[in-house]
Every structure is written in structure tokens, then in C-alpha cells.
Amino acid sequence: MRPAPGSICGELYVELLPHPSSELHRFGDGRETDDEDIVSVGLLTLELYLEGAASLKEKRSRIAPAIRRIRTKFNASVCESDAQDVLTRAEISVVIVSTNDSHVHSQLQAVLNWILDARLDVEVLDSHVELIA
């Protein structure tokens, strides 16, 4: 449910801002929309190998710093998305949202390059990128 303009939602004051006028964008099927309404979402899924992890606590302590750094360095949403109970394997998903496809792709590529170059105590087994426009 969308809060009413002027209401207070927790600590957040909700105020509707006027929509700037812009040219209409025509989709391939003939629909028109404002360019402001187009959002690109990119998902990077990384399968990681953690050699010698003896417990789930050790596994989390090895991947948690990487997740924190990705969140702060790239302003991305990150979570451990699969293999939570497997000691030597982890899957993390990184999501970037922008109004520009090329920005999303370049940010996801930068995340992957950073993980490969960052001397983390993990090995990247596989990576997969999906772009949703």
C-alpha cells in the first residue's frame, strides 16, 4: 500500500515530487512511456569455492567481508543466495539498478573484476550475468 502524500511512515516523511516533462519512448509493441520510467536491473550470480572451510561460522566469516565491501564500494544489493548449508561452496547474488543499461553492465563487470583481483580467500567457480530492462 502506498502511503498518502504528507504522511509519516516510520522515520520517513513521504512527499510526492512533480514529474519532469520528458519525451515519450516507444516500445517495439507500440506502447509509449516516459524515459524516466525505464529502469534496468542487473543480476550477477557468483559461485564461490572456499577451500578448507571447517564450519559454517568459518564460511560466513570468509564471505561476509566480501559482501560488505561490494555493498559499500559499488552501492549494490548483495546476498548469499544458495548453498547456505554447504561448507566449501557459496553462491552470492549482486543486484544493480539504474536507468542506464551500460552503467548496470559496467558496474557488474567491475564487481566481478574486483572479486577476481581482491585476494579474497575464495575462488570463483562460475559467474552469470542477467540484464532486465
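The values are calculated or read from the model by the stated rules, or taken from the named source; none is laboratory data. All values derive from a computational prediction rather than experimental measurement. Cβ atoms come from the backbone with ideal geometry, glycine included; neighbour counts cover every protein chain shown.
One line per residue, one yes/no per condition, for (1) of a type in the set (A, V, I, L, M); (2) modelled with pLDDT of 85 or more; (3) in contact with a Cys (Cβ under 6 Å, 6 or more places away or on another chain):
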| site | (1), (2), (3) |
| --- | --- |
| ASP101 | no, no, no |
| ALA118 | yes, no, no |
| SER127 | no, yes, no |
| ALA133 | yes, no, no |
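Annotation: of all residues in region 77-115 being of a type in the set (Asp, Glu) and in contact with a Leu (Cβ under 9 Å, 6 or more places away or on another chain), the one that is farthest from LEU131 (Cα to Cα) is ASP85. Evaluating VAL41 against the criteria (1) in contact with a strand residue (DSSP E or B) (Cβ under 8 Å, 6 or more places away or on another chain); (2) part of a helix (DSSP H, G or I) leaves one unmet condition, (2). Among the residues making up region 77-114, those that are in contact (Cβ under 8 Å) with a residue 40 or more places away in the chain, out of contact with any Phe, Trp or Tyr (no Cβ under 9 Å at 6 or more places or on another chain) and closer than 12 Å to THR45 by Cβ are GLU91, ILE92, SER93, VAL95, LEU112.
If you go through region 43-62 one residue at a time, do you hit one that is surrounded by fewer than 16 Cβ atoms within 10 Å (Cβ to Cβ), of a type outside the set (A, V, I, L, M), touching a Lys or Arg at 6+ places or on another chain (Cβ under 9 Å) and modelled with pLDDT of 85 or more? Scanning region 43-62, I find at least one residue that is surrounded by fewer than 16 Cβ atoms within 10 Å (Cβ to Cβ), of a type outside the set (A, V, I, L, M), touching a Lys or Arg at 6+ places or on another chain (Cβ under 9 Å) and modelled with pLDDT of 85 or more, so the answer is yes.
Mind listing whichever residues of region 70-129 are part of a helix (DSSP H, G or I), surrounded by fewer than 14 Cβ atoms within 10 Å (Cβ to Cβ) and among the acidic types (Asp, Glu)? Correct list: ASP117 only.
Taking the stated definitions as given, is ASN113 modelled with pLDDT under 85, within 22 Å of the chain's Cα centre (by Cα), at negative phi and among the polar types (S, T, N, Q)? It is false that ASN113 is modelled with pLDDT under 85, within 22 Å of the chain's Cα centre (by Cα), at negative phi and among the polar types (S, T, N, Q).
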